[in-house]
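Written below as structure tokens is the structure these notes are about.
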């Protein structure tokens, strides 16, 4: 027995072996590639096709960027420098930079004003976008910003925005006093107070007190016009959208139908027809002799358009709220405005943020449509004065690519922000 | 014993119109109605005043006058002596044509990109999200202009096709020519009997669908599995091909040929149509891709696993379990994207494609100066399409919504 045992066990290892590395195909980059790029035949073929696409894109675009000419007075000069090589003529961007951003009629010595307004926009918008980072006192600046921006961009006497502001302040004060009795009284009282103040200050008449050189809206253009239309229309359309959504949910049939007809009508027609209305038809509906700015008419129409879409987003959010929330508000004895302001809307607006941002991004992209009714926004500038000029006739890709890039940066930024905010605000199922 | 009862109803007093919730609604509605009526009255009186000042009357008589302009793409017979009404009709058909083409192409692109975004392949996934982000975040007008520029500024002119060592050449066995005046493709010519081939083919397609339904029914009823793929294809194509050869090839192709300064014969697809078609398709395709992705992701993983544990094969899992549930999520936004394509096709005016906005809202409006009437008609057309599509969508939504009990 001992004999056999001695035979069968020749060797017993006394030390533990160190752990071996996984085989080369199962670790690091190779494993990743085997899993993600070449897991089976079909995947490998797809990978090769994709690599070819990327290769083709890079090799065809790289020389165009690398050989790009950034300093030349015209496309002919560009071509002479290039001597037949492939290369972009980015000189048009440096040469016409101001036109692309501000349009071709804004006085060049005043470019600092819209630039300053643009920079202040970030300060104004920061406390709204990042509640937790910036102190709440900065919201005061946000409230003042529209008036500052108006003063900077359009110029004129400082009394105009100040008096507009006074109207709002008076309206708010009356509202704050009356709202404790009834929301409706506060709301209408505030509106009436604001209009009274505006009417009173309108009696002051034209003045040149602290006046900046005025610039008419028809002189504005370029990317600035897109940004102006985008910010103004989005911020105006959110309150209107909320009102329309509440109206559509209302139990009062007449109010409900007014809202339904408005929303369905606006959503059913393309924006371009509404812009046609702004440019050729709206004048017929205004009092004879009234001369509304085209800019204001376009803002009215785009705001109508956007508020109908935002109303639908908010209606979806209102419908998504559990019924218990409405019933809880009722059982606390809150009346309709209180229930909406304190319970329903804060939750509904939170749910509707991604939708509202989608509408805002879409709207900002749609501001390029004003080029069709011959306003010189970024696209209008490119297709009109710049491509039509003898110096730059034929520089398509650089200009269109630049326009696409600008819009991409803004819209992509906004949508990334909304994704971040969605996560930030998610209070349920953590 | 005490009973709880409502306090006795007080008689109606006028102050209740403001203070009693039962009556306050009437007050508000009355105020709203008066406001809206006042607004319309104000706008209407301004309109009447302005029209009187300008010496105009609203009338649609101008639609009967000769249009006096040519349209470069007409699906129905049209010449410049026909009336504005006919020109508008040509525009309507052009709108419908480009919307239809763009909807189909966008669906194909969107489904492909949406599925590819869920692929196991890292590179394909990243490429597709780059596509989606790039196209969703740039205005469609810029894409239309970019593709239009490709079609007009980059493509060779017909002259370049001339000569021994021509700068450009036709592709696909000399049948298709890409020029800066549009794309020329062969045109089918129907000899007598040619249409019967088409009819037989259509009947074959109907037959194929009928066969598939029959096979499915048989499968569910008896468990007997008939082959579905190749018999359906055969039913669709074989009879048509047989008829084609029996009748002695009644359909021939007329190839575009270089003659004079331009190509002759064939069908000329305008650059503006292609620009609009593809720009709308790839732009909307990016949105559809996101919907498709969301739809597939919305089907919970348990469904796949349950189907697999029942022993279904991957193809069957996709067809019988995942797709029916995903489609419920995908189709409503898909239809609203179709609607967006139709509405965005009005951007045709930026590249000179003669859709309804180009004829009625463009040249007719400028020639006759009848802004109000033209834009009213334009809006009515788009509104009709939108409302009818959303009516169809509501019916569909009702039919697929979860039947909760």
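The values are calculated or read from the model by the stated rules, or taken from the named source; none is laboratory data. Keep in mind it's a predicted model, so treat the numbers as computed, not measured. Methodologically, a virtual Cβ is constructed for each residue, glycine included, from the backbone with ideal geometry; neighbour enumeration extends over all protein chains shown.
Give the residue that is surrounded by the most Cβ atoms within 10 Å (Cβ to Cβ), with candidates limited to residues of the range B:52-77 that are without any contact (Cβ under 8 Å) to a residue 40 or more places away in the chain and within 24 Å of the chain's Cα centre (by Cα). The qualifying residue surrounded by the most Cβ atoms within 10 Å (Cβ to Cβ) is B:74.
Test of understanding: among B:335, B:317, which residue is touching a residue at least 24 places away in the same chain (Cβ under 8 Å) and in a helix (DSSP H, G or I)? Answer to the check: B:335.
Conditions (1) under 24 Å from residue A:260 (Cα atoms); (2) touching a residue at least 12 places away in the same chain (Cβ under 8 Å); (3) at the interface with chain A (Cβ under 10 Å from one of its Cβ atoms), marked per residue:
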position: B:372; (1), (2), (3): yes, yes, yes
position: B:381; (1), (2), (3): yes, yes, yes
position: B:384; (1), (2), (3): yes, no, yes
position: B:396; (1), (2), (3): yes, yes, no
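Listed conditions (1) at pLDDT below 90; (2) loosely packed, with under 13 Cβ neighbours inside 10 Å; (3) more than 10 Å from chain B (Cβ to nearest Cβ) are all met by residue A:239, apart from (1). Of the residues in the range B:154-176, at least one is closer than 24 Å to residue B:345 by Cβ and either within 10 Å of another protein chain (Cβ to nearest Cβ) or touching a strand residue (DSSP E or B) at 6+ places or on another chain (Cβ under 6 Å) (or both). What are the residues in the range B:117-128 that are outside any helix (DSSP H, G or I) and facing chain A (nearest Cβ under 10 Å), if any? Answer for the range B:117-128, where residues must be outside any helix (DSSP H, G or I) and facing chain A (nearest Cβ under 10 Å): B:119, B:120, B:121. Residues in the range A:299-318 that are surrounded by fewer than 18 Cβ atoms within 10 Å (Cβ to Cβ) and touching a residue at least 24 places away in the same chain (Cβ under 8 Å): 1 in all.
On inspection, residue A:380 passes the criterion of being in contact with a helix residue (DSSP H, G or I) (Cβ under 6 Å, 6 or more places away or on another chain), closer than 15 Å to residue A:100 by Cα and buried (at least 17 other Cβ atoms within 10 Å of the Cβ). Of all residues in the range B:41-87, those satisfying the criterion of being in contact with a helix residue (DSSP H, G or I) (Cβ under 6 Å, 6 or more places away or on another chain) and not in a loop (DSSP other than H, G, I, E, B) are B:43, B:46, B:47, B:50, B:62, B:63, B:83, B:84, B:85, B:87. Selection of helices (runs of 4 or more DSSP H) fully inside the range A:328-430 by the criterion of at least 2 residues being facing another protein chain (nearest Cβ under 8 Å) and within 29 Å of residue B:134 (Cβ to Cβ) returns A:345-366, A:396-425. Restricting the range B:266-305 to residues that are within 29 Å of the chain's Cα centre (by Cα) and in a loop (DSSP other than H, G, I, E, B), which is surrounded by the fewest Cβ atoms within 10 Å (Cβ to Cβ)? Taking the candidates together, the pick is B:299. The set of residues in the range B:360-370 that are within 11 Å of another protein chain (Cβ to nearest Cβ) and more than 27 Å from the chain's Cα centre (by Cα) comprises B:366, B:369, B:370. When you check residue B:102 against the structure, is it under 30 Å from residue A:412 (Cα atoms), within 27 Å of the chain's Cα centre (by Cα), assigned by the TED database to the domain that holds residue B:349 and surrounded by fewer than 18 Cβ atoms within 10 Å (Cβ to Cβ), yes or no? No; evaluated as a whole, the condition is false for this residue. Among the numbered conditions (1) modelled with pLDDT under 85; (2) out of contact with any helix residue (DSSP H, G or I) (no Cβ under 6 Å at 6 or more places or on another chain), the only one that residue A:417 does not meet is (1). Within the range A:247-264, the set of residues being within 20 Å of residue B:22 (Cβ to Cβ) and more than 10 Å from chain B (Cβ to nearest Cβ) comprises A:249 only. From the list B:192, B:139, which residue is out of contact with any strand residue (DSSP E or B) (no Cβ under 9 Å at 6 or more places or on another chain) and closer than 28 Å to residue B:352 by Cβ? Answer to the selection: B:139.
Restricting to the range B:369-395, name every residue that is over 24 Å from residue B:349 (Cβ atoms) and either modelled with pLDDT of 90 or more or touching a helix residue (DSSP H, G or I) at 6+ places or on another chain (Cβ under 9 Å) (or both).
Across the range B:369-395, the qualifying residues are B:390, B:392, B:393.
Those residues that are more than 7 Å from every other protein chain (Cβ to nearest Cβ), in contact (Cβ under 8 Å) with a residue 40 or more places away in the chain and over 18 Å from residue A:237 (Cα atoms), I need them from the range A:265-286; list them, please. Once the filter is applied, which keeps residues that are more than 7 Å from every other protein chain (Cβ to nearest Cβ), in contact (Cβ under 8 Å) with a residue 40 or more places away in the chain and over 18 Å from residue A:237 (Cα atoms), the range A:265-286 yields only A:279. Tallying residues that are under 30 Å from residue A:95 (Cα atoms), at pLDDT 85 or above and loosely packed, with under 13 Cβ neighbours inside 10 Å within the range A:108-151 yields 3. Of the helices (runs of 4 or more DSSP H) lying entirely inside the range A:35-111, those containing at least 3 residues that are within 14 Å of chain B (Cβ to nearest Cβ) are A:41-66.
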